[in-house]
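**Q** The structure is given below, and queries will be raised subsequently.
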Amino acid sequence: MVVYLGSTTMDMIDRIVQLMHRAKRCVVLTGAGVSAESGVPTFRGSEGLWGKFKPEELATVDAFLSNPKLVWEWYNWRRKIIGEVEPNPGHYALAEMETLFEHFVLITQNVDGLHRRAGSQDVLELHGNINRNKCLECASRFPDDIEINPDNIPVCPQCGGKIRPDVVWFGEMLDGNTINRAYDESAKADIFFSIGTSAIVHPAASLPVEAKRSEATLIEINVDKTPLSYAADFHIEEPSGQFLPILLEKYKEIAS
Ligand code: OAD
């Protein structure tokens, strides 16, 4: 496939590539937009999940307590979508970018596991992973390869609590070690990419701000403007699955 980018974007690519060559520490934050070209629905926007479903009925502890069957049906539906899709060229480009820098970490809000499937190694999954199971009460891990029947939800062998998906729901704390490392990495970054995220859900949304405050170059790749666009050094308005492979090629061209 040949992708044509506007001349402004092409000019920005050259400048970004130069900055990438100089940077030692690169941090990437991704959101649902990175997986959109794989066929995973985003949350916001006209076709987003939160336009069709109510988060308070599906993605909170209270929702699970009052209707665990409905919650599991919804997560099984999302698991099925995710199980049927493949990483897209954007995921693969990011996996390859990991090899370009002295230090690289990928922070994602996505629970779909597509970055790891594409080969990324150092991935911080801020919001968990939809394919994992854990106990609602004691948080013990439960085997992931067991299909959950919403009419007969298994219970934890340790404490008898109901098994739930290992994702972060609204109102829940993120894993402390994961978010602390994400802050630390962001504060030390020379170059920070915010890709395919609406940049409004905290604490993830404060990571690019932290990086910028610590004088990293901030690059946003998104098909739309976000509240971060005005603070970014570069705002690239292109689909990440098309733009990232081109950026990578340009990097290699200039490197050789
Ligand atoms: P959103 O659905 O809020 O935002 C997706 C962003 O991706 C939007 O800004 C789109 O413009 C952009 N986008 C869509 N397609 C794109 C493409 N092909 N290339 C580049 N950008 C594209 O998703 P997140 O920001 O990830 O949390 O949402 C953050 C959190 O809110 C999620 O992790 C989830 C949700 O509620 C929890 O469930 C805890």
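The values are calculated or read from the model by the stated rules, or taken from the named source; none is laboratory data. Because the structure is predicted, anything quoted here is derived from the model rather than measured. Neighbour counts run over all protein chains shown; Cβ positions are idealised from the backbone, glycine included. Quick note on the areas: whole protein, heavy atoms, side chains included, nothing else; ligands and nucleic acids left out. Shrake-Rupley method; radii C 1.70, N 1.55, O 1.52, S 1.80 Å.
**Q** Select from the range 25-40 the residues that are surrounded by fewer than 22 Cβ atoms within 10 Å (Cβ to Cβ) and within 9 Å of the ligand (Cβ to nearest atom) and list them in ascending order.
**A** The answer is 36, 37.
**Q** Somewhere in the range 112-127, is a residue farther than 14 Å from residue 26 by Cα and touching a Gly at 6+ places or on another chain (Cβ under 7 Å)?
**A** No, the range 112-127 contains no residue that is farther than 14 Å from residue 26 by Cα and touching a Gly at 6+ places or on another chain (Cβ under 7 Å).
Okay, residues lined up against (1) among the charged types (D, E, K, R); (2) surrounded by 21 or more Cβ atoms within 10 Å (Cβ to Cβ):
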{"residue": "54", "(1), (2)": "yes, no"}
{"residue": "68", "(1), (2)": "no, no"}
{"residue": "88", "(1), (2)": "no, yes"}
{"residue": "113", "(1), (2)": "no, no"}
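**Q** Now for a separate question. Search the range 219-235 for residues being more than 9 Å from the ligand (Cβ to nearest atom) and more than 17 Å from the chain's Cα centre (by Cα), and hand back the single one that is surrounded by the fewest Cβ atoms within 10 Å (Cβ to Cβ).
**A** 230
**Q** Quick one: count up the residues across the range 117-129 that are open to solvent by 30 Å² or more (accessible area, probe 1.4 Å) and assigned to a helix (DSSP H, G or I).
**A** Residues flagged as open to solvent by 30 Å² or more (accessible area, probe 1.4 Å) and assigned to a helix (DSSP H, G or I) within the range 117-129 amount to 1.
**Q** Return the total of residues in the range 142-178 being open to solvent by 30 Å² or more (accessible area, probe 1.4 Å), charged (D, E, K, R) and modelled with pLDDT of 95 or more.
**A** Residues flagged as open to solvent by 30 Å² or more (accessible area, probe 1.4 Å), charged (D, E, K, R) and modelled with pLDDT of 95 or more within the range 142-178 amount to 4.
**Q** Of all residues being closer than 15 Å to residue 167 by Cα and of a type outside the set (Asp, Glu) in the range 44-68, which is farthest from the ligand (Cβ to nearest atom)? Just the residue, please.
**A** Taking the candidates together, the pick is 68.
**Q** Out of all the residues in the range 130-141, which are under 16 Å from residue 76 (Cα atoms), in contact (Cβ under 8 Å) with a residue 40 or more places away in the chain and open to solvent by 30 Å² or more (accessible area, probe 1.4 Å)?
**A** Of everything in the range 130-141, just one residue is under 16 Å from residue 76 (Cα atoms), in contact (Cβ under 8 Å) with a residue 40 or more places away in the chain and open to solvent by 30 Å² or more (accessible area, probe 1.4 Å), namely 131.
**Q** Do the conditions hold for residue 91, that is, is it within 13 Å of the ligand (Cβ to nearest atom), modelled with pLDDT of 95 or more and in contact with a helix residue (DSSP H, G or I) (Cβ under 6 Å, 6 or more places away or on another chain)?
**A** For residue 91, the condition - within 13 Å of the ligand (Cβ to nearest atom), modelled with pLDDT of 95 or more and in contact with a helix residue (DSSP H, G or I) (Cβ under 6 Å, 6 or more places away or on another chain) - is met.
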